[in-house]
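J.: Structure incoming, see below.
The values are calculated or read from the model by the stated rules, or taken from the named source; none is laboratory data. Not measured: the values here are computed from a predicted model. Note that each Cβ is placed from the backbone with ideal geometry, even for glycine, and that neighbours are counted across all protein chains shown.
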Amino acid sequence: GKPLVVAIDGPSGSGKSSVSRETARRLKAAYLDTGAMYRAVTWHCLATGVDLEDAAAVENACEEVDLGISTNPDRQQVAVGGRDVTEAIREPEISKSVSAVATTLGARAELIRRQKQIIADSGRRIVAEGRDITTVVAPDAEVRILLTASEESRLRRRGLQLGGTQSAEALQEQVLARDAKDSAVVNFHEAADGVFTVDSSDLDFDETVDAVLAVIRRAT
Ligand code: C5P
């Protein structure tokens with residue numbers, strides 16, 4: 001098909017990843033979960049004893065790390081140095097530490113560079129999602145969407161996603177703390193100029209995908 005880069009940003013628990021993946025399937029496009037890249041670098045730092053407070057060390061680790069990320073929406077896989085970390089990067093320990101990598105500007109610069117390369121390598125037919133895709137990674141995307149959801153619905157979704165293994169309160173604190181830290185370097189709560197907003201608060205999964213596809217259809 002013709003080039004179609006769809007950039008989707010939003011906070012955690014907005015349903016961004018599953019909605020973006022399904023959108024990619026429907027468009028027969030590739031899919032890039034940039035959050036998985038920040039998580040994989042965090043996993044690598046923890047596994048190799050890199051001090052997350054040491055910006056130079058984190059930046060260096062980010063530049064050296066061998067990251068493999070599948071862009072097939074039907075086969076989500078993330079590898080570090082050839083080792084499959086697809087499941088490991090979803091552990092609470094990673095979620096708790098990932099903002100330290102995300103707020104290290106040198107690390108961001110390196111991951112942004114790699115993300116731009118992955119988009120180019122896809123032949124510019126890809127749905128890419130994260131926090132700064134509409135503004136920094138792919139400001140030239142054919143369609144840019146901010147997927148929002150009320151705090152209440154985001155927390156509810158997170159709780160379901162983590163299977164209720166942690167107390168609801170601890171979970172709320174973690175999600176809000178991560179969003180607050182992430183907000184220090186990227187603004188993913190307001191739509192930049194030319195970015196469409198889709199509010200998923202009162203939509204179920206299928207309705208959200210339909211709303212995103214409707215925006216893409218209208219914009220292209
Ligand atoms: O999307 P997900 O919640 O998996 O992202 C994990 C973390 O990666 C976020 O909390 C944020 O710190 C970071 N991130 C980012 N910029 C992106 C995507 C993710 O800073 N484009």
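J.: Return yes when T86 is within 14 Å of the ligand (Cβ to nearest atom), crowded, with 18+ Cβ neighbours inside 10 Å and hydroxyl-bearing (S, T, Y) and no when it is not.
T.: Values: within 14 Å of the ligand (Cβ to nearest atom): yes; crowded, with 18+ Cβ neighbours inside 10 Å: no; hydroxyl-bearing (S, T, Y): yes.
Taking the combined requirement at face value, the residue does not satisfy it.
J.: Then there is this: Please go through the stretch 170-196 and give me each residue that is within 12 Å of the ligand (Cβ to nearest atom), assigned to a helix (DSSP H, G or I) and among the small types (G, A, S), ordered by number. Even if it seems obvious, please write down each step before you answer.
T.: Going through the stretch 170-196, the residues within 12 Å of the ligand (Cβ to nearest atom) turn out to be 174-188.
Adding the requirement that they be assigned to a helix (DSSP H, G or I) leaves 174-183.
Answer for the stretch 170-196, where residues must be within 12 Å of the ligand (Cβ to nearest atom), assigned to a helix (DSSP H, G or I) and among the small types (G, A, S): A177, A180, S183.
J.: Restricting the stretch 158-183 to residues that are of a type outside the set (S, T, N, Q) and at pLDDT 85 or above, which is farthest from G130 (Cα to Cα)?
T.: Of the stretch 158-183, the ones of a type outside the set (S, T, N, Q) are 158-160, 162-164, 168-171, 173, 175-182.
In the following step, the residues that additionally are at pLDDT 85 or above were identified as 177-182.
Values: A177: 17, R178: 14, D179: 12, A180: 15, K181: 15, D182: 11 Å.
This residue is A177.
J.: Since L203 meets every condition but one in (1) within 16 Å of the ligand (Cβ to nearest atom); (2) touching a helix residue (DSSP H, G or I) at 6+ places or on another chain (Cβ under 9 Å); (3) part of a loop (DSSP other than H, G, I, E, B), which condition does it not meet?
T.: Condition (1) is where L203 drops out.
J.: Right, here's the next one. If we scan the stretch 96-104, do we find a residue that is β-branched (V, I, T), touching a strand residue (DSSP E or B) at 6+ places or on another chain (Cβ under 7 Å), at pLDDT 95 or above and within 12 Å of the ligand (Cβ to nearest atom)? Break it down into steps so the answer makes sense when it comes.
T.: Taking the stretch 96-104 as the starting set, the residues that turn out to be β-branched (V, I, T) are 98, 101, 103-104.
Filter once more, so that each one left must be touching a strand residue (DSSP E or B) at 6+ places or on another chain (Cβ under 7 Å): none.
No: the stretch 96-104 contains no residue that is β-branched (V, I, T), touching a strand residue (DSSP E or B) at 6+ places or on another chain (Cβ under 7 Å), at pLDDT 95 or above and within 12 Å of the ligand (Cβ to nearest atom).
J.: Just give me the residues in the stretch 71-103 being more than 14 Å from the chain's Cα centre (by Cα), of a type in the set (S, T, Y) and over 17 Å from A47 (Cβ atoms), in sequence order.
T.: T103
J.: Cβ-Cβ distance below 7 Å, separation of 6 or more or different chains: which pairs start in the stretch 40-52 with a residue that is closer than 12 Å to S97 by Cα and end on one that is among the aromatic types (F, W, Y)?
T.: Once the first residue is closer than 12 Å to S97 by Cα and sits in the stretch 40-52, no partner that is among the aromatic types (F, W, Y) comes close enough.
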